[in-house]
Amino acid sequence: MELLIQTLVAGVLLGGVYALVSVGLNLLFGVVRVINFAHGEFVMVGMYLAFWLWAGLGMDPYVSLLIVAPAMFLLGVIFQRGIIQPIQGTSANMKIFVTVGISIILQNLALFLWGGQYRTVSTSYSTSVFTLGGVTISVGRLIAFIGALVLVAALFYIMNRTMTGTVLRAIAEDGPTAVLVGIPVKKFYFVATGISVMLAGVAGVMLTPFTSASPTFGFHMTLIAFIVVVIGGMGSMVGSLVGGVLLGAIETLAGTYISPALQQAVLFAIFIIVVLVRPQGLFGKGAGTEEVGLK
């Protein structure tokens with residue numbers, strides 16, 4: 001029982017970061033109607049930015065958020081203008097092909113610039129732990145979990161309590177009508193994509209104290225985020241939060257009680273079951289996986 005609780009705690013803490021990554025992916029889908037298969041690569045970019053700021057300037061990863069967050073938002077705006085906007089009116093399959101291509105480009109660019117070796121940030125809390133009720137908790141993972149929840153809560157507040165959030169929700173609900181009533185939809189596409197990429201980069205920064213950066217790390221995060229979005233429900237940020245925590249717990253349980261080599265197999269088995277049984281996801285209300293060419 002103690003091992004089960006320990007495993008669940010570790011999984012839930014990791015799942016908080018998964019939720020942060022997935023909320024950003026879901027925001028982009030909900031507003032811009034694009035599933036970004038390069039989303040994990042932006043997590044990887046955030047990790048490398050945090051690493052080089054630490055290695056070059058001795059900056060703590062969480063302090064580096066003051067630089068990384070706005071830089072990633074700007075990168076998101078550039079991504080929207082240069083890549084997403086030209087393909088906005090194309091088919092779902094075309095958008096998938098283009099974002100997969102961007103994913104490959106970013107992977108190879110990272111490999112060219114920084115090599116294939118793993119980059120690790122070492123801080124005073126990277127390996128620190130404390131015991132609570134007989135359960136050992138990683139300080140780094142706990143900080144990342146709390147930070148992720150704060151950012152997800154902040155996004156919920158923006159979406160539900162601010163004019164910008166109201167406009168974004170209106171566009172997500174009915175984009176053509178939003179255009180007819182005079183909302184500058186393209187302008188808010190930049191906002192949505194910037195926030196989405198920024199959240200991915202911030203999640204990468206939060207992972208660096210206990211996870212090594214590598215050029216291929218983003219591929220794993222894209223798979224995780226995509227599974228979370230489909231399970232939770234495309235367009236549902238609550239679904240992303242619940243799905244991220246749930247997936248983190250399942251991943252660690254599978255690694256502990258089945259085999260670490262079968263962790264992704266278990267996740268994909270759950271993914272396939274959800275797609276077959278409930279394509280709109282657990283919390284999805286609108287179109288499901290068929291909207292992005294999966295059904």
**Report entry** Between helix 92-114 and the chain: long-axis angle, C-alpha atoms, 0 to 90°, nearest 10
**Finding:** 40 degrees
**Report entry** Relative contact order, percent, the range 2-292 [alpha-carbon distance under 8 Å, six or more residues apart]
**Finding:** 39 percent
Query - Per-residue HN-Hα couplings for the range 209-224 [Karplus 6.51, -1.76, 1.60; θ = phi - 60°; Hz; x = Gly/Pro] - result: x, 9, 9, 7, 8, 8, x, 9, 5, x, 4, 4, 5, 5, 4, 4
Report summary line: The alpha-carbon center of the range 260-276 and that of the range 197-245 are separated, in whole Å, by 16 Å
Query raised in the report: Using a Gaussian network model of the chain with C-alpha springs under 10 Å, which one of VAL228, VAL202, VAL63 is most mobile by mean-square fluctuation?
Result: VAL63
Requested in this report: Could you sort 148-155, 84-91 so that the peptide with the highest average Cβ count within 10 Å comes first and the rest follow in order?
Outcome: 148-155, 84-91
Report task. Could you run the Karplus curve 6.51 cos²θ - 1.76 cosθ + 1.60 with θ = phi - 60° over the range 139-153 and give me ³J(HN,Hα) per residue in whole Hz, x for Gly and Pro? Result -> 5, x, 5, 5, 4, 4, 5, 5, x, 5, 5, 4, 5, 5, 5
Report summary line: Longest principal axis of the chain (C-alpha) makes with the long axis of helix 2-32 (C-alpha) an angle, in degrees to the nearest 10, of 20 degrees
Report summary line: Diffing the range 125-138: the Karplus 3J(HN,Hα) column from phi (6.51, -1.76, 1.60, θ = phi - 60°), in whole Hz with x for Gly and Pro, holds 10, 4, 10, 6, 9, 9, 10, 9, x, x, 9, 7, 10, 6
Requested in this report: Measure nothing but the geometry: give the 0 to 90° angle between the long axis through the Cα atoms of 39-57 and the longest principal axis through the Cα atoms of the chain, rounded to 10°.
Outcome: 50 degrees
Query raised in the report: How high is the FRET efficiency from THR131 to ARG161, r the C-beta distance, R0 51 Å, rounded to 0.05?
Result: 0.85
Query raised in the report: What length, rounded to one decimal in nm, is gained on full extension from ARG81 through to TYR257, with 0.36 nm per residue of separation minus their alpha-carbon distance?
Result: 58.8 nm
Requested in this report: Just grab the label-to-label distance for LEU74 and PHE268, each label 7 Å out from Cα along the Cβ direction, in nm (one decimal).
Outcome: 3.9 nm
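Just so you know, all these numbers are worked out from the coordinates, no wet-lab data involved. Just so it is clear, the structure is predicted and the values come from calculations on it, not from any experiment. Heads up, the Cβs are rebuilt from the backbone with ideal geometry, glycines too, and the neighbour counts pull from every protein chain shown.
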